[in-house]
Each structure stands twice: as structure tokens, then as C-alpha cells.
Amino acid sequence: MALAGFLVWVWLRPNRGSQTTTPSPARVVSAAPTNKQLNPIKAAPSLQAPEATSPATRPVETILEAQIALVRQGISPGSIDGAAGAQTRAALIAFQKKQGIPPSGLLDGQTKQLLLIALPAMTEYTVTSEDLGRLLPLPKTWLDKSAQPRLDYENILELLGEKAFSSPQLIRELNPNMNWNQITSGTPVIIPRVDYPPVAGKAAFVKISLQQCVLEAFDAQTNLLLHFPCSIGRLAEKRPAGELHVTAIALDPNYTFDPSVFPESTEAQTLGRKLILPPGPNNPVGVAWIGLDRPGYGIHGTPAPEQVGRTESHGCFRLANWNASYLAKLVWVGMEVIVE
């Protein structure tokens, strides 16, 4: 399907829902051992291969195109939704600083000229039987979650949203005639064409801003490699500021639910024992866990990417699943994480 001329209008901001707190782990049990390639590297060259120039590359014209173009440079505006919200402004500021122009956070003329997008901006994804086979109801209680074989996607919109780094509401808007209750294998769906830059090595260090709710990674020459929205601890005394270091990296981890960590949960106080929750994107720590040298603290994914940067955690640093899994490719055991 030729989509180079696909016209997109500015989308209304989706309803973000209630402001809830997602737990951070007392302990995470990896589903697989840390890969031996994750060794300390104190210096690294610039890690991102530049996007090849193409006759179909042009300056962005809309906020939606800007969000897609930023993502392709490793600069996340949060879930792509076509709206000029706070996370998109922060992403534009990161891009403007990288380009050496005034960091206004606005998609002004100068920024549009520098922020190029390779067309098409959209792509047609075909739903597979494997996609449909992953869909599972998500139980409401911790006990029932622990009994699941996997905490996978609840519905196809959730799965497509994570594949496209996008809000499920945007996926709905891009496919207005789709009956989402009758999706079958082979169904074509329009989604943003996104991916992060290829990884050629490790980052030198990570910096987290508690005030701005942003996580950034840099190479040895302090060039920006990625910029991600981040949720932080609700209580100031539980925010681990200062210099930390990566101690463990686990992809698709289990999660140990410790009732003592959740005094606000009635169920937790009646359980009287710990539970092991299986892996999956709806696991409390999502699809990746990066442990830090403060017991129980780490950087991880989340089952609620729409809430990243908008709600607070029990103390850990939460990222959208797609951002957590990309960050896991860049970090290494012993790497410095500066929390400001």
C-alpha cells in the first residue's frame, strides 16, 4: 500500500485516565541470565548510525510527523499521539539542544527545517496469528496474576500501540473503519513507521533528571544518544539521588511481589506471603529490568506506558516498555547512572 502521500491531521489528545501508582519491585528474578556481552566499556564511539538520505526525505510539517521523526533519532515524545504535550515539548528541546539552536520546545520554522522525516511516515502492518495468540485477559488481583502463564497483552490495540510506540487511541484514529472486536489473522492496520537507531556499542553513562522526569544516555564525548520520559518515586525520601551504578540487566523478567512493600494494598496485607508474577508486557516491571546499586531500585518498563512521566512510582524509574528494552541494549554492569 503506497502511503507516501498519506495525510494526517492533528489528533485530539486521548483521555489519559486516572492517575495511578505502579509498583516498583522489592526484587526481580530474571527469566534469563545477564548476557555476557554486557561488560563494562568506559569509552564508546558515537553509537548511532545516521539515517540515510533519500529523495523522499523532507522537513516535518505536523506534530505527528515531528514525533515520528524524533523517535527515529532516539528522542522519545512519550506515546506518539499527534498532540503537542509536555513530553513532546521536552523532546523538541532535546533535539534543539543537540542541533545548537534555541531550545524553545516549539515546532517553529527553524526546527521544522532541521527535523527531517523519511517518507512514508506510516506503514501497513499485518496482524498475525502469533499476535492474536498472545492476547490474554489480565487478572485484577496479585494472586490471580501469579497464576497466569504469562502477563501478556490484553487486546490487539495494546499490542499494536507498543509495536508502534503509540497511543492506542492514535491507532484507532488511523484506522477509523476497523472493528477492533473482530480482528483476524491477515488484517492490515495502519501504524506509524518507527524504530530506534541501530546500536553499535554501549553508552558511557546515563543521567536522570528528577525535576524534568527525563532519562538520557550519552556517549564518551557526551553526545546525546537517547532521551526518554521517565516516572520517578512519589516520596522524596525514596528518590535515590546521586551517583548510582548498574548491577544487573534482565530482559522479560519475573517479578517478586512482596506484600510488605505495599501497605496501601488490602490484598497484600491479607496474603501473608510473597508471590512470583510471570513475565510479559503487563508484568509490573514490563519487559526489561536494569538493577541499580541501591537494594530494590532499578530502571524498568511498565504495563501503563501512557502514564509514564504523568504518575509516580514507589521509587524506581519507569519507562515505556519499548524505551526500557532499547535502553537495556546500551547499558552495562558497572555503568554510572547520575540522578540529579
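No value in this document is a laboratory result; all are computed from the given coordinates. Everything numeric here is computed off the predicted structure, so don't read it as measured data. Cβ coordinates were reconstructed from backbone atoms using ideal geometry, including for glycine residues, and neighbour counts include every protein chain displayed.
Could you rank the peptides 181-193, 77-89 by their average count of other C-beta atoms within 10 Å per residue, with the highest value first?
Output ranking for 181-193, 77-89: 77-89, 181-193.
In nm, what is the difference between 0.36 nm times the number of residues separating Gln269 and Leu132 and their Cα-Cα distance? Write out the running numbers ahead of the final one.
Values: separation 137, 0.36 × 137 = 49.32 nm, distance 3.59 nm.
Here the answer is 45.7 nm.
Would you mind working out the magnitude of the charge dipole of segment 124-192 relative to its Cα centre, with +1 at each Lys and Arg C-beta and -1 at each Asp and Glu C-beta, to the nearest 20 Debye? All intermediate terms of the calculation are to be shown ahead of the outcome.
On the way: 6 positive and 9 negative charges, 33 e Å.
With Lys and Arg at +1 and Asp and Glu at -1, about 160 debye.
For each pair in Lys98/Lys207; Lys163/Lys329; Lys163/Lys207; Lys97/Lys202; Lys97/Lys207; Lys145/Lys329, compute the distance between the two Cα atoms and list the pairs where it is over 20 Å. Mind dumping the intermediate values first?
Numbers: Lys98/Lys207 16 Å; Lys163/Lys329 17 Å; Lys163/Lys207 26 Å; Lys97/Lys202 22 Å; Lys97/Lys207 16 Å; Lys145/Lys329 28 Å.
Going by Cα-Cα distance, Lys163/Lys207; Lys97/Lys202; Lys145/Lys329 fall outside the 20 Å limit.
Sort segment 169-266 into rounded, prolate or oblate with this rule: let a ≥ b ≥ c be the square roots of the eigenvalues of the Cα gyration tensor; rounded if a/c is under 1.5, and if a/c is not under 1.5, prolate when a/b is larger than b/c, oblate otherwise. Walk me through the numbers before you get to the answer.
Numbers: a/c = 2.21, a/b = 1.35, b/c = 1.64.
Since a/c reaches 1.5 but b/c is at least a/b, the shape of segment 169-266 is classed as oblate.
For a quick check: sort Glu65, Glu124 by the number of other beta carbons within 10 angstrom, fewest at the front. Display every interim value, and only then the final one.
Details: Glu65 22, Glu124 13.
Placing the least packed residue first, the sequence is Glu124, Glu65.
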